[in-house]
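Chemist: One structure follows; several queries about it will come next.
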Amino acid sequence: MDFDLNEEQRLLKESIDGLLTDSYDFESRKKYVKEKGGWSRTVWGKLAEQGLLGLPFAEADGGFGGGGVETMIVMEALGKALVLEPYLATVVIGGGFLRHAGSDGQKAAHVPSIVDGSKTLAFAQLEKNSRYDLFDVTTTAKKRGDGWVIDGEKFVVLNGENADTLIVTARTRGERRDKSGIGVFLVPANAKGVAKKSYPTQDGLHAADITFTGVEIGADAVLGNPDDSLALIERVVDEARIALCAEAVGLMDESLKTTVEYIKTRKQFGVAIGSFQSLQHRASDMFVATEQARSMSMFATMAADFEDAKERSNAVAAAKVQIGKSLKFVGQQAIQLHGGIGMTMEAKIGHYFKRLTMIENSFGDTDYHQRRVADGAGLI
């Protein structure tokens, strides 16, 4: 496969790298994390001005018609800068549901507001005992007249505190772990019966636990088939996993760069510790792990367009396994080579490690995806 970027993709990369270099140094990030909801509306507006929030949407819907490679470029850049803004929750996940299942009316109601930066979304999927199983849903959506009534609880909803619209998975029929009978619904975040408990996560982002008590929504709130949307959910979550793989590559890239710069300047016994061969070997191993992750991120990006859902799922699981192994190695080595300073809040390398750790556990950890790979190969 040819993984070289074309001219438009190179310009996109230069554009977002330039924007984040100007707007997102580590000291600026410390200020953004203290803003309401833990991210900067000013930076979000700049992403909108450059067309990055409309990147994956079709031109007919007000977007720019970008594909998986463009999303990969953006997510890798966001990882390098350790960006806090809800691009994953709003554009990748929320936008994914609208692109794949939204009606013309739903797209018209939401996409322009996403593109201009005036609306953000959040995906309310995780439940108390569901772990990584997307089909484990106890939140219910019951028919009432032409509309629906939603009851249940969702946990660790990224951007749940500030989102204008929640994308909620709910069971319309069947038992808790049935793979049928699951729907996806657009719920206004300020709807009567929606209660939120917000908190910061370990990586500096913000999430919320959300309770739905008799929340009434209209018939136009349904995304796709309300009785059989698991395949849709799996597709969008696979796209989220692919985006996280790209973000992790950006994080590892910057962790390696920061670590190499540190060992070139940190002195021990009168010389830079980077002159010690054993530490040079560690840095080389970090580079190899990062490049392995980059290759699998590219493979996963290509796999997003696979027609066969099982083939796509297996490829994404394999990528998540390699990303998980690489990020753990790179993150731990970066901390060790920085020594005690790497664990302080003042050193940015520790924040990179925290975000890498959270990515490893998002939408399935390494062990979970290893089982998926083995299952796909018929080994279990």
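Throughout, read-outs are computed from the coordinates displayed, never taken from laboratory work. Quick caveat, the model's predicted, so the values are computed rather than measured. Here the Cβ is made from the backbone with ideal geometry for all residues, glycine too, and neighbour counts use every protein chain on show.
Chemist: Taking amide hydrogens as modeled 1.01 Å from N in the peptide plane, which residues meet the under 5 Å criterion relative to residue 228, leaving out close sequence neighbours?
Modeler: It is 181, 182, by chain and number.
Chemist: I would also like to ask the following. Ranked from highest to lowest mean number of other Cβ atoms within 10 Å per residue, what is the order of the peptides 70-76, 311-317?
Modeler: Ranked by mean Cβ neighbours within 10 Å, highest first: 70-76, 311-317.
Chemist: Sticking with this one: Is the C-alpha gyration tensor of the stretch 1-101 telling us rounded, prolate or oblate? Criteria: a/c under 1.5 is rounded; beyond that, a/b larger than b/c is prolate, otherwise oblate.
Modeler: Cα axes put the stretch 1-101 in the oblate bin.
Chemist: Would you list the P(r) distribution for the stretch 332-380, with all Cα-Cα distances sorted into 10 Å bins from 0 and each bin expressed as a whole %?
Modeler: Bin by bin from 0 Å, the calculated values are 25, 32, 23, 15, 5.
Chemist: In the chain, which helices (entire DSSP H runs) extend 30 Å or more along their own long axis, judged by Cα positions, while averaging at least -0.5 on the Kyte-Doolittle scale?
Modeler: TM-like helix candidates: 230-265, 277-303, 309-338.
Chemist: In addition: Using a Förster distance of 51 angstrom, determine the FRET efficiency expected from the C-beta separation of residue 60 and residue 343, and round it to 0.05.
Modeler: 0.55
Chemist: Between residue 155 and residue 15, what FRET efficiency comes out of the Förster formula 1/(1 + (r/R0)^6) with R0 = 41 Å and r the beta carbon distance, rounded to 0.05?
Modeler: 0.70
Chemist: Say we join alpha carbon atoms closer than 10 Å with springs in a Gaussian network model of the chain; which of 281, 206, 369 then has the biggest fluctuation?
Modeler: Of the options given, 281 has the highest mean-square fluctuation.
Chemist: Now, a different point. Please list log₁₀ I(q)/I(0) at q = 0.14, 0.17 Å⁻¹ for the stretch 122-227, using the Debye equation with identical point scatterers on the alpha-carbon positions.
Modeler: The calculated log intensity ratios at q = 0.14, 0.17 Å⁻¹ are -0.49, -0.71.
Chemist: Related question: Multiply the residue separation of residue 287 and residue 116 by 0.36 nm, subtract the distance between their alpha-carbon atoms, and state the gained length in nm to one decimal.
Modeler: Value of the extension gain: 57.8 nm.
Chemist: Given the stretch 119-274, what count of lysine pairs have C-alpha atoms under 15 Å apart, with each pair 8 or more places apart or on different chains?
Modeler: Value for the stretch 119-274: 4.
Chemist: OK, next. What spacing in nm lies between the two simple spin-label points modelled at residue 357 and residue 225, each 7 Å away from Cα in the Cβ direction?
Modeler: 4.2
Chemist: Then there's this: Compute the Rg to Rh ratio over the stretch 225-380 from the alpha carbon atoms, using the Kirkwood formula for Rh, and round to two decimal places.
Modeler: 1.09
Chemist: Now, a different point. Which FRET efficiency value, to the nearest 0.05, is calculated for residue 42 and residue 374 with the Förster distance at 56 angstrom and r the Cβ-Cβ distance?
Modeler: Approximately 0.75, to the nearest 0.05.
Chemist: What is the extension gain from residue 308 to residue 266, computed as 0.36 nm multiplied by their sequence separation minus the C-alpha to C-alpha distance, in nm to one decimal?
Modeler: So the chain would gain 10.0 nm between residue 308 and residue 266.
Chemist: With a 10 Å radius around each residue's Cβ, average the other Cβ atoms per peptide and rank 237-247, 265-275, 165-175, 331-341, highest first.
Modeler: Ranking, from highest mean packing down: 237-247, 165-175, 331-341, 265-275.
Chemist: Using 0.36 nm per residue, how much length does the chain from residue 199 to residue 146 gain when fully extended, once their Cα-Cα distance is taken away?
Modeler: 15.5 nm
Chemist: With charges only on Cβ, +1 for K and R and -1 for D and E, what is the dipole size of the stretch 122-227 about its Cα centre, in debye, rounded to 20?
Modeler: 280
Chemist: At 7 Å along Cα-to-Cβ for each site, give me the label-to-label distance between residue 173 and residue 8 in nm.
Modeler: Result: 4.3 nm between the two label points.
Chemist: Quick one: dipole size for the stretch 189-247, taken about the Cα centre, charges +1 on Lys/Arg Cβ and -1 on Asp/Glu Cβ, in debye to the nearest 20.
Modeler: Computed about the Cα centre, the dipole is about 320 debye.
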